[in-house]
Amino acid sequence: MDFSLSPALTDLQMRVRAFIQEEIVPLERDVRCTPHGPDESLRAELIAKGRGAGLLASHVSPEFGGLGLSHVEKAVVFEEAGYSPLGPVALNIAAPDEGNMHLLEAVATSAQKERWLRPLAAGKIRSCFCMTEPPPGAGADPSMLQTLAVRDGDDYVISGGKWFITGAQGAALAIVMAKFEDGPATMFFAEMNSPGITIERAMDSLDTCFPGGHAVVRFDGLRVKASDVLGEPGEGFRYAQVRLSPARLTHCMRWLGAARHAHDVASAYARERHAFGKHEGVGYMLADNEMDLHVTRLAIWHCAWVLDQGVLGKHESSIAKVVSSEALWRVVDRCVQVLGGQGVTHETIVARIFADMCAFRIYDGPSEVHRWSIARRILRGNTPR
């Protein structure tokens, strides 16, 4: 594995870094940054900036307006974008749209791509991914899916409840996971303004970086056409892995940038602060940060390289998610400690990153669930070497 950056990728990295610093970081205190993410007017401004810089939807193929980056190239660019909580929105690589675009490009028909992928890649619309359900439905275990799809002539009728649906408020498109009466899960497209879809409430959460926040969504007799099935009927769980394994890794990429930002703020503060002389304990925390950032980057780049070879499995994806989320959480936690009183206020960006990072240990599978999955494979004796 050669992790040296080509001249072209180095140039792209520097372009994104400069764009984030000069165009996006100054907007972090904009009043349009709400508890439920940047509002639609701020999102539109951010997308316009990303489009003007020629950096929009870099993970999507050029056919649909992106840069067609490999996974290793995405690791470099997404880290730079994640340096600001607003960066992934500006580059149109934020969750859940980024993962949904990847899924559409991999699975959707040509007509579905024209209808949904092209406007998504252009940042003209937003989407959501409706899988997680209140108990006793599907959470970290998708096999507990309760939302039901019943065939009715040429249509399907969907009923059930979802929650923690990121970006539902203001989304134009929903990708809905539902099961048939005999069990197999299927993915469906649905316009969010369709009769039968109700956003019951917004959910207040620690993180504030996702446009539209998180919502509780209800489906009551939602009618969708057979042509709005995504992929093959009954293949929903397989397509979920097509989406989720790369999406876990891109989460890691973006949050690595956020943790690096927090570390930069804490390091700058420590260099200027002289209380008790130069306290060794602070230096040790910053050194630990450097090591956690380095190990995380290696884990991400390794999995990105493997994914580019087309062989990344759930086991490797789980390892990268746990290594990254736990290490980056430690980094940001130390940054709060280094900053002292300022670390628990919004005098700097660190408290905001701290709240977002706490959620990272839950999203796309809690660390404990991934550890359980890794342990099962170890005990079966079939871990890769």
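The values are calculated or read from the model by the stated rules, or taken from the named source; none is laboratory data. In this text the structure is predicted, and so the values were computed from the model without any measurement. Note: ideal-geometry Cβ built from the backbone for every residue, glycine included; neighbour counts use all protein chains shown.
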Taking Ala178 as meeting all but one of (1) under 30 Å from His315 (Cβ atoms); (2) loosely packed, with under 15 Cβ neighbours inside 10 Å; (3) modelled with pLDDT of 95 or more; (4) of a type in the set (Gly, Ala, Ser), write down the number of the exception.
(2)
Going through the range 171-223 one residue at a time, which ones are of a type in the set (Ser, Thr, Tyr) and under 21 Å from the mean Cα position of the chain (by Cα)?
Ser205, Thr208
Could you say which residue among Thr132, Thr109 is β-branched (Val, Ile, Thr) and either surrounded by fewer than 17 Cβ atoms within 10 Å (Cβ to Cβ) or touching a helix residue (DSSP H, G or I) at 6+ places or on another chain (Cβ under 6 Å) (or both)?
Thr109
Tally of residues being closer than 20 Å to Gly170 by Cα and aliphatic (A, V, I, L, M) across the range 43-55:
4
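Check whether at least one residue in the range 140-153 is over 30 Å from Leu91 (Cβ atoms), outside the structural domain of Ala57 (by TED's automatic domain parsing), under 19 Å from the mean Cα position of the chain (by Cα) and surrounded by fewer than 16 Cβ atoms within 10 Å (Cβ to Cβ), and report yes or no.
Looking for residues that are over 30 Å from Leu91 (Cβ atoms), outside the structural domain of Ala57 (by TED's automatic domain parsing), under 19 Å from the mean Cα position of the chain (by Cα) and surrounded by fewer than 16 Cβ atoms within 10 Å (Cβ to Cβ), one finds at least one in the range 140-153, hence yes.
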A careful count of residues in the range 229-249 that are assigned to a helix (DSSP H, G or I), surrounded by fewer than 18 Cβ atoms within 10 Å (Cβ to Cβ) and of a type in the set (D, E, K, R) gives 1
All but one of (1) free of Cβ contacts under 8 Å to residues at least 12 places away in the same chain; (2) under 28 Å from Phe129 (Cα atoms) hold for Tyr363; state the number of the condition that does not hold.
(1)
Which of (1) closer than 22 Å to Ala304 by Cβ; (2) out of contact with any helix residue (DSSP H, G or I) (no Cβ under 7 Å at 6 or more places or on another chain); (3) of a type in the set (Phe, Trp, Tyr) is the odd one out, the single condition Phe210 does not satisfy?
(1)
If we ask which residues in the range 304-335 are polar (S, T, N, Q) and over 22 Å from Ala287 (Cβ atoms), their number turns out to be 3
Residues satisfying the stated conditions in the range 1-39, i.e. charged (D, E, K, R) and either at pLDDT 95 or above or over 20 Å from Ala75 (Cα atoms) (or both)
Asp11, Arg15, Arg17, Glu22, Glu23, Glu28, Arg29, Asp30, Arg32, Asp39
If you check Ala355 against the conditions, is it closer than 17 Å to Asp207 by Cα and either assigned by TED's automatic domain parsing to the domain that holds Leu27 or in contact with an Asp or Glu (Cβ under 8 Å, 6 or more places away or on another chain) (or both)?
yes
Hits in the range 112-129 (condition: surrounded by fewer than 24 Cβ atoms within 10 Å (Cβ to Cβ) and assigned to a loop (DSSP other than H, G, I, E, B))
Ala122, Gly123, Lys124, Ile125
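Can you go through Glu326, Glu280 and tell me which one is of a type in the set (Asp, Glu) and under 30 Å from Ile165 (Cα atoms)? Can you show your working first?
Working: Glu280 fails: under 30 Å from Ile165 (Cα atoms).
After ruling out the rest, the residue left standing is Glu326.
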